[in-house]
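Encoded as structure tokens, the structure appears first; notes follow it.
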There are 2 protein chains.
Amino acid sequence: MPLGERGGWERSESRYCGVETDFSDDVPSLLSFNISTGGFDYVLAPLMNPSYRPSLMEGKGSETQVLPVSGSDLVLAPSQWSSHVVGKVSSWIDLDSEDEVLRMDSETTLKQEIAWATHLSLQACLLPTPKGTSCANYARCVNQILQGLTTLQLWLRVPLVKSDDATSEGLTDSWELWNSFRLLCEHDSKLSVALDVMSTLPSETSLGRWMGESVRAAIISTDSFLTNARGYPCLSKRHQKLIAGFFDHAAQVVVSGKPVHNLPKASDSNTEGTQRHPLRSYLDYVAYLFQKMEPLPEQERIELGYRDFLQAPLQPLMDNLEAQTYETFERDSTKYIQYQRAVAKALVDRVPDEKASELITVLMVVGAGRGPLVRASLQAAEETNRKLKVYAVEKNPNAVVTLHNLVKLEGWEGIVTIISCDMRFWNASEKADILVSELLGSFGDNELSPECLDGAQRFLKPDGISIPSSYTSFIQPVTATKLYNDVKAHKDLAHFETPYVVKLHSVAKLAPSQSVFTFTHPNFSTKANNQRYKKLHFNLPSDAGSALVHGFAGYFDSVLYKDVHLGIEPTTATPNMFSWFPIFFPLRKPVEVHPGSPLEVHFWRCCGSSKVWYEWSVSSPTPTPMHNTNGRSYWVGL
Amino acid sequence: MPLGERGGWERSESRYCGVETDFSDDVPSLLSFNISTGGFDYVLAPLMNPSYRPSLMEGKGSETQVLPVSGSDLVLAPSQWSSHVVGKVSSWIDLDSEDEVLRMDSETTLKQEIAWATHLSLQACLLPTPKGTSCANYARCVNQILQGLTTLQLWLRVPLVKSDDATSEGLTDSWELWNSFRLLCEHDSKLSVALDVMSTLPSETSLGRWMGESVRAAIISTDSFLTNARGYPCLSKRHQKLIAGFFDHAAQVVVSGKPVHNLPKASDSNTEGTQRHPLRSYLDYVAYLFQKMEPLPEQERIELGYRDFLQAPLQPLMDNLEAQTYETFERDSTKYIQYQRAVAKALVDRVPDEKASELITVLMVVGAGRGPLVRASLQAAEETNRKLKVYAVEKNPNAVVTLHNLVKLEGWEGIVTIISCDMRFWNASEKADILVSELLGSFGDNELSPECLDGAQRFLKPDGISIPSSYTSFIQPVTATKLYNDVKAHKDLAHFETPYVVKLHSVAKLAPSQSVFTFTHPNFSTKANNQRYKKLHFNLPSDAGSALVHGFAGYFDSVLYKDVHLGIEPTTATPNMFSWFPIFFPLRKPVEVHPGSPLEVHFWRCCGSSKVWYEWSVSSPTPTPMHNTNGRSYWVGL
């Protein structure tokens, strides 16, 4: 029975709660007890008798032996196997043991159990935690198995521990174990992690890393629960926050262990007579946590389908936008309110109150689209009682049709002149006081706002104002397993050298963002050019532990006019604005970083005669190859 | 005029000696003086006036300006440009300067000079040493240029320095600068290194690293020369050894700087009247070093064409060898002498002198080929006066034809029985005292000797002897830029997951080899299997500096019988044997290692029902993906 309906379909994967059980050769009873009676959605159950050792079978007429599995495939319906059972691979296996017999037995058993789980069409199997710090042989064997799997997922069980004592020997950070294992298995997307949540949690920053990993399950031992005033199990605030994070990242909770809370019998009498599952109160608490989560805001619900979904950035200069695209962007009222505020401030600065009735300000909207900035500008004029003459310059003839209709409909004929022309090539008959544009992409300059405005500033007065007056791009290193795997799935170089627009969700941000390129308008300097180079150093917080950088999240912030800004850089983002998702610059090969050794990153904006592109690379701690040399994989056409 | 003819064609590339010159706008005179008079083969000359700065040209009617190059393309014949001039890119350029104007001027100049060199069809250009420890923007620009080059080679000038003081700030090891630069340029094969040889040399081990790199030139300043008793320039013993190493690795010497040796005028009178080039005595000394090198041994000359040439390993079990292959291997007399010694010792051990005339030893050659082991065995019997009965078992019907002829020709009909059959399936009519085989590959077991002998030991007596009685494989980490690039040129995964047989030459061995897998014969244990797993730790010598591991060189050593061994492991290799080149296991992505952090490597020998294969990976300092999972790219068929 799913944990709850609140939060809706969007949390479907985390709605299910499992329970870890011991081996049983009576699976139907196991299910009946834990699911029908207990209310759990599935069991995490061993598939093979834990006393089984292949080497002990030898010579005992092994040809006639039957694997000591938990029950014939026929004891459950196929749909029951797949929806109610997650296989638990024998926890005694140790593929990196010094003992060769144990190693061989482990490999044989692992392969037999996975083959059996595949035969049963299970959805997932839990792999036991590697026994030591070395896991290469285990990883080799799992990697062999992964090549043959189609639907079965493997969850590697890893304890959620990170000691802050970096001097001690042995494993202090379980993330490193996971990282080695998945690098050896080459980021296989069928390999995920199941975290054993302990009663003590590592630092907040180190926990954050897991949000960029493929965490499928959080296994919470009954020992990790506290006891509330009424004697019921509950979790610490930090645990609650962590579990809420897992719910939001499609990870399921599995309850594990023996009941350690002695509940008052009498107080719970509505299930009188029937047997109550000993772990029911833990399940109830998990369901309570699930249900008390804030429902997602409306906009967030709309955008759920875009979470971690890679989109190619727009090419608005080379291509004309479609009506649908205009439609979406025009709905972003927050953005146009900011523009209106900026234009209003500029008008008041330029035209003193006493001249408001005589001075006419020439305002040109360059890239007018279907008119939202024309409307915002006229509203700013009305609000400030300033007189405007508006030119709406638009290169897309399809949008110009709409513009003409708009002007007629609103009765703006005397004020607004429509120019059907590319702003870079228009010969204006007069010069503008104010140039208003919305040419910014997720990374600021990536839709060639600099080149367009350089062209348009020919018809801006020397003391004229550009709105926006400047914009700056930002990046930060991220762990983003899903994005990396989605890029890798294309199996070519080009996709690793392309920045994507993406609503980042399952992403761990490893350090605060830093500014990259800034452009200021107008810029009448003859030496000006739009090539840029920036070297950045990122330091991981000292308590974060090591991390894997799959690429960089990119943002922008723009100064529209004076204190009116607009942007998506997380710490200063304009609230309730949805026109831009962040951009993601992938790395061809993820780079491991450690606190204390900074990540040195280089970004270039390169300009050719017909295109603009970015190149990027990491030079420290390990140099990567240059990405997108000469714009070979990605560019924006002029 | 090339340095000398001794050593022959095989050293052709290093036969040429260049001289570094200043800028001259009279290139014909420059050539006449340095080549015709001076005796050098080419000049390393600036192509552009060093006072040129693109930013100073602006506004000076730049449309009518001509680039201040060293001379029109017409002043030399095309063949003169290409064979006598190596371009020297302006040494003032600094693409990683904080000064943006200098950075932009540098980029423009670099691109103009390379374009000019391409126009002249030069063979190579020398890029100046990066100015600081950071070189990302320089590398980005060079990488852009490399994408457009077809024949022009770029030599990055790097001083040959390595401070042993690891605690000091800044660059202490120029190899690291080179390594960053070429990693950023993704190992482009058109990018090589030119080393400035200083008067002080780093440690021997750290110098060794350069033998695995693509070093094209050693630029020796006149300051680095010592003065001999007669006042002439000479080099220290360590310098001489280094230069000899460069000669052997196709690197050319370039003499640089002002003459600093005042030669006695009178003593050199054979060029009376004509002007003598001031650097002539340095050139003469370099030629002397070239000429005094030992000529290559005959076998080495034969094998020159195989140096660093990747060959797929044989599949002698699945395929039948060709006559040509038998021919080559049969010529390796050293190998058969070792076999003869082993058989002789075994015969003497098995048959005491007093029974020599009565006891007949049954010896079976399994995989007899065209008979060399039959001959060696019979010679051993003759030498020891023991009586033999020989079975020659061979699966290749073509070789059996030769065997029959051999037996007839030699009159061995009464002693040798030929069995045309795969040893794994032959039903022998009697059992053998001695089983002789030569089934070893470069990596010992890689041609499936274990599987073949497991099959053949059915017809070995319980106290019988196998020759070889055991064999062990070895690996060591290597820097091997050329091999890596040749593997990469295939642009697929499979070639990175294939071991190659290769005569290693331009390879830096980074640590002593270690043993991997051992097989012993006969092995009658029922628990025996031929799967193997070995974890190895390699430590770089502490004075070696960091290094890049492109893969692993593999070898074998085999105990034929007691103290008679046979092998190619470098420290114990059997001299004058040429049947085996080493094997090379590539890494998909080179791994950087540092002294003090061991390289942890894993090798597996995996056995399926129809094939045997290796998997390998590195787990530390950085985990690589598993190589050749399930034998997907390379396997040996059973």
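The relative contact order of chain B, computed from alpha carbon pairs under 8 Å that lie at least 6 residues apart in sequence, is 11 percent.
Other residues lying with their Cβ under 11 Å from the Cβ of B:S420 contribute a combined charge of -1, Lys and Arg counting +1, Asp and Glu -1.
In plain terms, chain A is cut at each of the chymotrypsin sites (Phe, Trp or Tyr not before Pro) found in a DSSP loop with at most 12 other Cβ atoms within 10 Å, and the longest leftover piece is A:1-424. In this assembly of identical copies, the label point of A:G257 (Cα plus 7 Å along Cα-to-Cβ) is separated from its counterparts by 7.3 nm, sorted shortest first. Distances from B:N523 to itself in the other copies, using label points 7 Å out along the Cα-Cβ axis, amount to 7.0 nm in increasing order. About the centre of its Cα atoms, the protein assembly as shown shows a dipole size close to 220 debye [charges on the beta carbon of Lys, Arg (+1) and Asp, Glu (-1) only; nearest 20 debye]. On a 0 to 90 degree scale, rounded to 10, what angle separates helix B:280-291 from the longest Cα axis of chain B? Here the helix axis deviates by roughly 10 degrees.
The accessible-area loss of the range B:608-635 on complex formation, taken against its chain alone with a 1.4 Å probe, reaches 40 Å² or more at B:P623, B:P625, B:M626, B:T629, B:N630. Rounded to the nearest 20, the Cβ-based charge dipole of the range A:507-621 about its Cα centre (Lys and Arg +1, Asp and Glu -1) stands at 440 debye. For A:E383, neighbours were defined as the other residues whose beta-carbon sits under 11 Å from its Cβ, and their charges (Lys and Arg +1, Asp and Glu -1) total +2. Apply the a/c threshold of 1.5 to the C-alpha gyration tensor of the protein assembly as shown and tell me whether it is rounded, prolate or oblate. It comes out oblate by the Cα gyration axes. The overall shape of the range B:9-296 is oblate: from the C-alpha gyration tensor, with semi-axes ordered a ≥ b ≥ c, the ratio a/c is 1.5 or greater and a/b is no larger than b/c.
Its DSSP H runs of at least 4 residues, each contributing -39,500 (n - 2.57), put the calculated 222 nm mean residue ellipticity of the protein assembly as shown at -7500 deg cm²/dmol, to the nearest 500. Exposed loop sites, defined as trypsin sites (Lys or Arg not before Pro) outside DSSP H, G, I, E and B with at most 10 other Cβ atoms within 10 Å, are absent from the longest region of chain B, namely B:266-490. Each residue of the range A:476-493 is assigned a 3J(HN,Hα), and the resulting list reads 8, x, 9, 8, 8, 4, 5, 4, 4, 5, 5, 5, 4, 4, 6, 6, 8, 6 Hz, derived from the Karplus form 6.51 cos²θ - 1.76 cosθ + 1.60 (θ = phi - 60°), x at Gly and Pro. Please compute the net charge surrounding A:V69, taking Lys and Arg as +1 and Asp and Glu as -1 over other residues with Cβ under 13 Å from its Cβ. Summing Lys and Arg as +1 and Asp and Glu as -1 gives -3. Amide hydrogen proximity for A:K503: with H placed 1.01 Å from N in the peptide plane, the residues at 5 or more positions away or on another chain lying under 5 Å are A:D308, A:F309.
Within chain B, the longest run free of GluC sites (Glu not before Pro) that sit in a DSSP loop with at most 16 other Cβ atoms within 10 Å is B:431-638. Mind pulling the angle between the C-alpha long axis of helix A:100-119 and the longest principal axis of chain A? Nearest 10 degrees, somewhere in 0 to 90. With both axes taken from Cα atoms, the answer is about 70 degrees.
With all protein chains kept in place, the per residue accessible area of chain B amounts to 41 square angstrom at a probe of 1.4 angstrom. Using the structure shown, list the pairs from A:K589/A:K611; A:K88/A:K162; B:K408/B:K461; A:K355/A:K408; A:K241/A:K292; B:K335/B:K534 with a Cα-Cα distance above 20 Å, or answer none. Those over the limit are A:K589/A:K611; A:K88/A:K162; B:K408/B:K461; A:K355/A:K408; B:K335/B:K534.
Computed on the range B:80-130, with alpha-carbon pairs under 8 angstrom and 6+ residues apart, the relative contact order is 54 percent. In the range B:116-159, comparing the full protein assembly with the chain on its own, the residues that lose 10 Å² or more of accessible surface at a 1.4 Å probe are B:S134, B:A136, B:N137, B:R140, B:N143, B:Q144, B:Q147. Basic side chains Lys and Arg get +1 at the Cβ, acidic Asp and Glu get -1 at the Cβ, and with that the dipole of chain B about its Cα centre reaches some 1120 debye. If you wrap the range A:429-527 in the convex hull of its Cα atoms and look at it from every side, the mean projected area works out to 8.8 nm². Along its principal axes, the range A:323-438 has C-alpha extents of 43, 33, 26 angstrom, given from the largest down. Ranking A:G148, B:A381, B:V254 by Cα position along the charge dipole of the protein assembly as shown, where only Lys, Arg, Asp and Glu carry charges on their C-beta atoms, puts A:G148 farthest toward the positive end. Element breakdown for the protein assembly as shown at a 1.4 angstrom probe: carbon and sulfur atoms account for 52% of the accessible area.
Using the Cα gyration tensor of the range B:563-638, with a ≥ b ≥ c the square roots of its eigenvalues, what is the shape: rounded (a/c below 1.5), prolate (a/b larger than b/c) or oblate (neither)? Because a/c hits 1.5 or more and a/b fails to exceed b/c, the range B:563-638 counts as oblate. Across the range A:9-296, the relative contact order, built from alpha-carbon pairs under 8 Å that are at least six residues apart, equals 18 percent.
For A:L47, the residues 5 or more places off, or on other chains, whose built amide H falls under 5 Å of its own are A:K88, A:S90.
For A:D463, inter-copy separations between label points set 7 Å beyond Cα along the Cβ vector come to 11.6 nm, shortest first. Projected over every direction and averaged, the convex hull enclosing the alpha-carbon atoms of chain B yields 35.7 nm².
Only protein heavy atoms count here; under a 1.4 Å probe, B:H594 has an accessible surface of about 70 Å². Ranking B:N398, B:S32, B:V43 by Cα position along the charge dipole of chain B, where only Lys, Arg, Asp and Glu carry charges on their C-beta atoms, puts B:N398 farthest toward the positive end. Scanning chain A for the Cβ atom closest to the axis that brings A onto B yields residue and whole-Å distance A:K589, 3.
The values are calculated or read from the model by the stated rules, or taken from the named source; none is laboratory data. These figures come from a predicted structure and were not determined experimentally. Cβ: placed from backbone, ideal geometry, glycine included. Neighbour counts: every protein chain shown. Remember, those area values only see protein heavy atoms, side chains included, never the ligands or the DNA or RNA. Shrake-Rupley method; radii C 1.70, N 1.55, O 1.52, S 1.80 Å.
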